[in-house]
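The values are calculated or read from the model by the stated rules, or taken from the named source; none is laboratory data. Keep in mind that what you see is a predicted model, and the values were worked out from it rather than measured. As a convention, Cβ positions derive from the backbone with ideal geometry for all residues, glycine included, and neighbour counts pool all protein chains shown.
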């Protein structure tokens, strides 16, 4: 396994980029540690697949370099970089058996047959397809085929990193759980460097040690799932992560507090912001307590989604959402109070750090 | 996907049905009629029963011609299919080269068949043909009028020139439908060029290859115009295929009875061989089971 | 009202759809929930008239429409793969059903603009589908379905190819958009959370059979059999086969107290099932039973943790609030909130579920 360094990578699909908007990937400068599990999370068009293809070598970046363990691999072909990639839809060799599919990458590299047998059998056990090894790969279900794709990537022992491009897209929700925890288990056991691209926040947050949130070609925040959840650095991160996303409401500054409409929210200390900045306050639905005391709200709708209820209401003319337990009663005269730990102030969409 | 059941569809098919009836069904019945009668075409019919069929099936002439046809088809398939696949693999998939190549490939298919025959007939002539004269000046003894082997080579090369494009276009259609991810995965797996062909491209082309083989077999087995224009069946009867023989018998000798019997036999052979081909190939297709996921 | 009376579809001797009886009221939103290949698409095609049932009949507002081809019925269908006319502009795409129906120019103009406004497509009316994002393409398909003013709108996993967040937004808008038309709305999905978010009624499907149909929250909380409970669970349901003896459940030597709502159940072998969020790390209520399990792997989502457990060989998932990155292969005490236990007979039928 290797550490991956992205050295000032920029990429434009057009040969003559003029402005920032022409770049699919704006400046990316980052190092990923050996053996870590990373997720690239963002909406369509944010550049995550572009970045993944640059790492794997399927795309040559217009600027910048890629380093594996400090070695410049930018000019190397995909094959030479020794990475494994699992695609969105299962890519398997239809005419071969499951066994042969897994053996393929090893045989191509002239690994002795005895060794091939040993590793393939080991992999079959790990991906739970030992009983199917002699079957033609063609007739299997989508999740079994995807497991074969995964197995083909893992069966080599010289792999620098494993890249996943939205691999659970065609899998049913039930099987997604099984595959996800299997992936996690594999990661814990083997310690591969894994990079996982997805637009599904649950997949990203459950899989990765660190999540890279991308938006319009830029990395907006890199952090652990907890950090992204509790202290999103950009309003986009607040919005994109969490279902429902963070409540973002415009406010005005007044000394040590902000004004939300007529209501006053006290802050720990006076924040350092410019008078011209556009100020917003963000609070996640999970940090809002619904009860009899606090700021008055008008409840517009309650959505019962099984294990919890989403309460949609209006606070000072702004839409706000809160989540409560499935057994909680919604009071008729509803009020909300904010957990101060979950209250974030944003100036021009970027988080204002508290002064110590 | 199931089609909606709608009786109005029959109206669309009616004109074609009429056309097929007149150009195929009725003439076929006439031929059957002739094959069991003895006639000189002057509307006098004498019942002959299976006599003509007996005569045909016991004539050396028939079996020789049939042998030539089978041999010819075999060679044609052995050359055109691999050559077609090879060209399709090397055709560009993106960019300006695509329409240029497609047009180039389509050109030979657009030429009327007798014109194809004429082109090669002239091309191969030792006195005024470009090919003939060039070969003669190089000292090669080439004369399709006198030498049966040269005649065969000419007819085969002509057919390859004429029809390989069909195989190319069919295979190309199959190839372009392969998603990029397969090639990427193969690169990552370290697959050699041959492995990519064998495990990714060939399986995906299987269905179109089936059509290509079937079409080429049927067409080559029925071949008439091109060799007739080039060699007329000669020298001697070295390139006399069944179709040519048939026409000689019917039009040249006015042996309508035997000719009709021979056409029926010819028709049945084509039908049988095509059916065998088709069944063998679609049964292996059916083994594919499972849906195409993804 | 759309009624399916004993509708069945057989293909090559096998049932693709078992004999089904369903009735959908006007203006209702109905979700077809089930895994892939469970028959959702086949059932929708039978409702639309794209396929003929091999048995049974389809009735609309009282009249038998079984043989009527889909062009004659007033049906709109939206697919998973954004299907639009690739060479027409968004405006023309939305106008197409009206042009076929021969509506007047000013009518078309008005309706197209109204639909575009509703689906936020007004700035894109001049573009062709190739120049639109996935979300915009699907909105175009939806607008086209909207202007048709169909009495039956069928949607086959329409949001499956869209981004997570986009899906959330559209899912919220969809019922509002179509509610005004009073049409019968049928929506197929594989995700239980989508069914819960959409509300309305849900029909759970499994292997060509409708296992239950009713108001969504009712089907969720009171499944009539184990298959329905399983179909409706995301994360997957946890179960345990126990022996009921009086006021306790016996399981391989361990004893669990029987909660109040299950005390009247007959003694004997039953299967109990519960959702992952009814298992926790803290003793929330007095009705909680303490169990000892072995951790396997923890998945953190930022505000909650999915902990995979092994309880005596059974694979369970626990959804605990907060962040708990538990060490794999360690023993942990978990608490089961027995108030929400569901009991099923060994044949799969529900015996008692918490109200």
Among the residues of region A:193-218, count how many are surrounded by 22 or more Cβ atoms within 10 Å (Cβ to Cβ) and more than 7 Å from every other protein chain (Cβ to nearest Cβ). 15
Those residues of region A:84-104 which are more than 7 Å from chain B (Cβ to nearest Cβ) and under 29 Å from the mean Cα position of the chain (by Cα) amount to A:86, A:88, A:92, A:102
Which condition number does residue C:353 fail, the rest of (1) surrounded by fewer than 21 Cβ atoms within 10 Å (Cβ to Cβ); (2) more than 14 Å from chain A (Cβ to nearest Cβ) being met? (2)
Can you tell me which of C:162, C:152, C:196, C:142 is touching a strand residue (DSSP E or B) at 6+ places or on another chain (Cβ under 8 Å) and within 11 Å of chain A (Cβ to nearest Cβ)? C:196
In region B:93-114, how many are part of a loop (DSSP other than H, G, I, E, B) and touching a helix residue (DSSP H, G or I) at 6+ places or on another chain (Cβ under 7 Å)? 1
Would you confirm, using the coordinates I've provided, whether residue A:92 is crowded, with 20+ Cβ neighbours inside 10 Å and farther than 29 Å from residue C:167 by Cβ? no
Among the residues of region B:174-191, the number that are touching a helix residue (DSSP H, G or I) at 6+ places or on another chain (Cβ under 8 Å), facing chain A (nearest Cβ under 7 Å) and either within 10 Å of residue B:204 (Cβ to Cβ) or assigned to a helix (DSSP H, G or I) (or both) is 5
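Kindly indicate whether residue C:194 is at negative phi, surrounded by fewer than 17 Cβ atoms within 10 Å (Cβ to Cβ) and either within 16 Å of the chain's Cα centre (by Cα) or outside any helix (DSSP H, G or I) (or both). So that I can check it myself, show each step before the final result.
Working: at negative phi: yes; surrounded by fewer than 17 Cβ atoms within 10 Å (Cβ to Cβ): no; either within 16 Å of the chain's Cα centre (by Cα) or outside any helix (DSSP H, G or I) (or both): yes.
So residue C:194 fails the test.
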Which of the residues belonging to region A:38-95 are part of a strand (DSSP E or B) and farther than 19 Å from residue A:155 by Cα? A:38, A:39, A:40, A:41, A:63, A:64, A:65, A:66, A:67, A:68, A:71, A:72
Can you list the strands (runs of 3 or more DSSP E) found entirely within region C:271-355 that contain at least 3 residues being touching a strand residue (DSSP E or B) at 6+ places or on another chain (Cβ under 7 Å) and closer than 23 Å to residue A:323 by Cβ? C:288-300, C:304-311, C:314-321, C:331-337
In this structure, is residue C:238 closer than 25 Å to residue C:175 by Cα and either surrounded by 18 or more Cβ atoms within 10 Å (Cβ to Cβ) or in contact with a helix residue (DSSP H, G or I) (Cβ under 8 Å, 6 or more places away or on another chain) (or both)? no
Before we move on, is residue A:167 more than 8 Å from chain C (Cβ to nearest Cβ), at pLDDT 85 or above and under 27 Å from residue B:182 (Cβ atoms)? yes
Does residue A:59 satisfy the criteria of being touching a residue at least 12 places away in the same chain (Cβ under 8 Å), within 14 Å of chain B (Cβ to nearest Cβ) and over 27 Å from residue A:184 (Cα atoms)? yes
Sort out which residues of region C:227-270 are assigned to a loop (DSSP other than H, G, I, E, B) and either within 21 Å of residue C:310 (Cβ to Cβ) or within 14 Å of chain A (Cβ to nearest Cβ) (or both), and write them in order of number. C:232, C:233, C:234, C:235, C:236, C:237, C:252, C:253
Region B:115-132, residues that are surrounded by 14 or more Cβ atoms within 10 Å (Cβ to Cβ) and part of a helix (DSSP H, G or I): B:116, B:117, B:118, B:119, B:120, B:121, B:122, B:123, B:131, B:132
Any residue at all in region C:62-85 that is part of a strand (DSSP E or B) and over 23 Å from residue C:171 (Cα atoms)? yes
